[in-house]
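To start, the structure itself, in structure tokens.
The values are calculated or read from the model by the stated rules, or taken from the named source; none is laboratory data. Everything numeric in this text was worked out from a predicted model, so none of it was measured. When we count neighbours, we look across all protein chains shown, and the Cβ atoms used for this are built from the backbone with ideal geometry, even at glycine. For accessibility, only protein heavy atoms count, side chains too; no ligands or nucleic acids. Shrake-Rupley method; radii C 1.70, N 1.55, O 1.52, S 1.80 Å.
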Amino acid sequence: TRKPVMSQVSPTNDKKRRRSSVSELARAKSADLRAIKRELAKDAPEWAKKFLPYFEMAIPVIAATMAAADIAAPHVIKYGTIAYTFVKEREELAYGILGFILCFFGGVYPALILTVETFYQCGWDRTCNAVMDIYEETVKVKKKFEEADMQAAIQEGNEKDAKEDDGEVPRAKFSKKMALFFEVCDPRKVQDAVGILWGNWLCVLAALNIYFAKVISLGQGIGEVIQRVLNQYIVPVLKVALPEKYHRWIPVLTGYVSKAIGVSVAWFFQAVLSATHSGIRGGIMMSRAGFQYLAKQDGKEYHQEDSIIDEVVGYSAAAIGIFLQIQSGFGLPFPVNIIMFPFTFAEWWIRWTLAGNDMF
């Protein structure tokens, strides 16, 4: 008998299909946003209409962000739930993994690690519940919109009127969606969730500003030194190379460059300190969690006071982690840098948020 041939989807075709689904979703979001813009152009006050051209220019970026969020949110919630369950069920392994991250990545993500720790101290369960409340409300509204669109398509016989063929969305359709939003969404629940997230984020920012104040001050000092060097050697060259009408931009640009270099150098010094502190802390945490897990698998209990083997292993791992981070310049090798890109983006966003007031 001949075995049936199983159809296989090549990775290239799978990537093309995912990319097309993202682009289609982004186009749908763009159409909805342009419908909102047309409605605002009709009824918005005159002062608000002045901002509509800027809103039109931002529509592609907003639509792409919304499409990416729609696609990524279910996966983030899914794997976040798996991680949360893993932490609850296998505490020793979870602490071991956390210790490994601190030991080998503590200098790469100092601001992000402190942010997570501050969120945890401010009320991790309340933060997670707030995120889940917002996600649940978003899913409810999205499901209601999809049901309404399906019912409208059935009633109209999948026919589009002349306005829709021209890209116009009827006023009634937009008003109906807004009515569905106010009908389905629980305002008190969303308000409480947003208030919790915003309050916790303010606590995190306060803690980060206090903890990293010395980094920002050091960055400013280094930037001032670099600024004097640029004024003495680089600015005269730029004044000769550039037309006189552009000379007023030279102090502004050199100021940004000097401050950026200064803050980057200061963060490098902070990364060395964070790598040392997190490496020792994470190495001990990883070794003790590992020995506890192995003892639990054998049905025994591990008492860290009775042995120094956990300190020996922990400090050895810390030395290796600190050395590797400094040797790599606190960069990540390929393909780890691609896998960790969301965390790297979050780290740099937090850093420049802290330094933002002093950069401008």
Check your understanding: Among the residues of region 313-340, which ones are under 14 Å from GLY279 (Cβ atoms) and open to solvent by 40 Å² or more (accessible area, probe 1.4 Å)?
Key -> VAL313, TYR315, SER316, ALA319, ILE320, PHE323, LEU324, ILE326, GLN327, SER328
Exercise for review: Test each condition in (1) open to solvent by 90 Å² or more (accessible area, probe 1.4 Å); (2) free of Cβ contacts under 8 Å to residues at least 40 places away in the same chain for LYS296 and report the one that comes out false.
Suggested key: (2)
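Quick check on my filter: what residues within region 14-56 are open to solvent by 80 Å² or more (accessible area, probe 1.4 Å), within 28 Å of the chain's Cα centre (by Cα) and modelled with pLDDT under 75? Break it down into steps so the answer makes sense when it comes.
Keep residues of region 14-56 that are open to solvent by 80 Å² or more (accessible area, probe 1.4 Å), which gives 15-19, 24, 27, 34, 42-43, 46-47, 50-51, 54.
From the residues that got through so far, the ones that are within 28 Å of the chain's Cα centre (by Cα) too are 15-19, 24, 27, 34, 51, 54.
Listed by number, the residues that qualify are LYS15, LYS16, ARG17, ARG18, ARG19.
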Check your understanding: Which of the residues that make up region 190-227 are more than 20 Å from LEU112 (Cα to Cα) and open to solvent by less than 60 Å² (accessible area, probe 1.4 Å)?
Key -> VAL190, ALA193, GLY195, GLY221, ILE222, GLY223, ILE226, GLN227
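Residue-by-condition table, conditions (1) of a type in the set (Val, Ile, Thr); (2) surrounded by 15 or more Cβ atoms within 10 Å (Cβ to Cβ):
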position: ILE82; (1), (2): yes, no
position: ARG90; (1), (2): no, no
position: GLY96; (1), (2): no, yes
position: PHE104; (1), (2): no, yes
position: LYS140; (1), (2): no, no
Check your understanding: Taking LEU242, is it open to solvent by less than 60 Å² (accessible area, probe 1.4 Å) and more than 19 Å from TRP352 (Cβ to Cβ)?
Key -> no
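Can you tell me which residues in region 331-355 are within 9 Å of the chain's Cα centre (by Cα), of a type outside the set (D, E, K, R) and under 10 Å from VAL108 (Cβ atoms)? Step through it out loud before you land on a result.
Just the residues of region 331-355 that are within 9 Å of the chain's Cα centre (by Cα), to begin with: 342-347, 349.
Right, trim to of a type outside the set (D, E, K, R) and you get 342-346, 349.
PHE343, THR344 - these are the residues of region 331-355 that are within 9 Å of the chain's Cα centre (by Cα), of a type outside the set (D, E, K, R) and under 10 Å from VAL108 (Cβ atoms).
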Check your understanding: Does at least one position in region 40-51 carry a residue that is of a type in the set (Gly, Ala, Ser), closer than 27 Å to TYR135 by Cβ and in a helix (DSSP H, G or I)?
Key -> no
